[in-house]
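Student: This structure is in structure tokens; I'll ask about it shortly.
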Amino acid sequence: QRIRLASGITQEQLAAKLTADGIKSAPYHAGLTADERSRNQEAFLRDEVHVICATIAFGMGINKPNVRYVIHYDLPKNIEGYYQEIGRSGRDGTKADALLFYSFRDVMVMREILQNNNSDKIDVQLSKLERMQQYAESLICRRKILLGYFSETLEKDCGNCDVCKNPP
């Protein structure tokens, strides 16, 4: 379904803004017709569209090895989802970047959404959101945090993330 990003705009509005700025873009979400989704996805796969403004479901079935960037316009709900989503770039082994835009407002919006869902797992979901917030606000190597979350270790800092390249 179409969602309003924490910034207050929809995927269509973001895609239209990017296109107006010279970046060929298209929206993708469950609120579009199946034909619109298919058309936008095919245009992306054929490199006719360079940016897809999508919900998290977009990349699940995409086998496009030359994705160079995954940009999160809002904070993801949890580290598991974030890790899966950023893994959609650089599948051809070439350098790829992940960019996460974050503000505390994202946390408040997501917290409100979770609390309004009346889920019996709200404590787990809120805890995962808190871990995502900690990741976004971290002052240590982000790769170490990601791997540590999945019980893996990295002996040295990665040297690639924003914290390693530009220490606070």
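Student: If MET108 satisfies every condition in (1) surrounded by 13 or more Cβ atoms within 10 Å (Cβ to Cβ); (2) under 20 Å from GLN134 (Cβ atoms) but one, which is the exception?
Tutor: (1)
Student: Report, by residue number, each residue of region 151-161 that is in contact with a helix residue (DSSP H, G or I) (Cβ under 6 Å, 6 or more places away or on another chain) and loosely packed, with under 15 Cβ neighbours inside 10 Å. Let's see the steps before the verdict.
Tutor: The initial filter retains those residues of region 151-161 that are in contact with a helix residue (DSSP H, G or I) (Cβ under 6 Å, 6 or more places away or on another chain), namely 154, 157-158, 161.
Correct list: LEU154 only.
Student: Show the residue pairs that are 6+ apart or on different chains and have beta-carbon atoms under 8 Å apart, the first residue being within region 116-134 and farther than 25 Å from VAL163 by Cα, the second being open to solvent by less than 60 Å² (accessible area, probe 1.4 Å).
Tutor: ILE122/LEU114; GLN125/ASN78; GLN125/LEU114; GLN125/SER119; LEU126/LEU114
Listed here are the residues, each with its yes/no results for (1) open to solvent by less than 70 Å² (accessible area, probe 1.4 Å); (2) farther than 15 Å from LEU75 by Cβ.
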| site | (1), (2) |
| --- | --- |
| GLY90 | yes, yes |
| TYR102 | yes, no |
| ASN116 | no, yes |
| ILE122 | yes, yes |
| LEU129 | yes, no |
| GLU137 | no, no |
| TYR149 | yes, yes |
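Student: Are there any pairs, at least 6 apart or on different chains, whose C-beta atoms fall under 6 Å, with the first in region 147-162 and in a loop (DSSP other than H, G, I, E, B) and the second of a type in the set (Lys, Arg) and surrounded by 13 or more Cβ atoms within 10 Å (Cβ to Cβ), and if so, which?
Tutor: Sorted first by the residue in region 147-162, then by its partner, the pairs are LEU154/ARG143; LEU154/LYS144; CYS158/ARG143; CYS161/ARG142; CYS161/ARG143.
Student: Any residue in region 82-111 that is assigned to a loop (DSSP other than H, G, I, E, B) sitting within a Cβ distance under 8 Å of a residue that is among the aromatic types (Phe, Trp, Tyr)? List the pairs, counting only those 6 or more apart or interchain.
Tutor: Partner pairs satisfying both residue conditions: SER89/TYR69; ALA96/TYR69; PHE101/TYR73.
Residue-by-condition table, conditions (1) of a type outside the set (Val, Ile, Thr); (2) closer than 25 Å to ALA136 by Cα; (3) surrounded by 15 or more Cβ atoms within 10 Å (Cβ to Cβ); (4) at pLDDT below 90:
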site	(1), (2), (3), (4)
ILE3	no, yes, no, yes
GLN11	yes, yes, yes, yes
ALA15	yes, yes, yes, no
GLY22	yes, no, no, no
THR33	no, no, no, no
GLU48	yes, no, no, no
MET60	yes, yes, no, yes
TYR73	yes, yes, yes, yes
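The values are calculated or read from the model by the stated rules, or taken from the named source; none is laboratory data. Remember, predicted model here, so these are calculated numbers, not experimental data. Note that each Cβ is placed from the backbone with ideal geometry, even for glycine, and that neighbours are counted across all protein chains shown. The accessibility values were calculated without ligands, DNA or RNA, using every heavy atom of the protein model including side chains. Shrake-Rupley method; radii C 1.70, N 1.55, O 1.52, S 1.80 Å.
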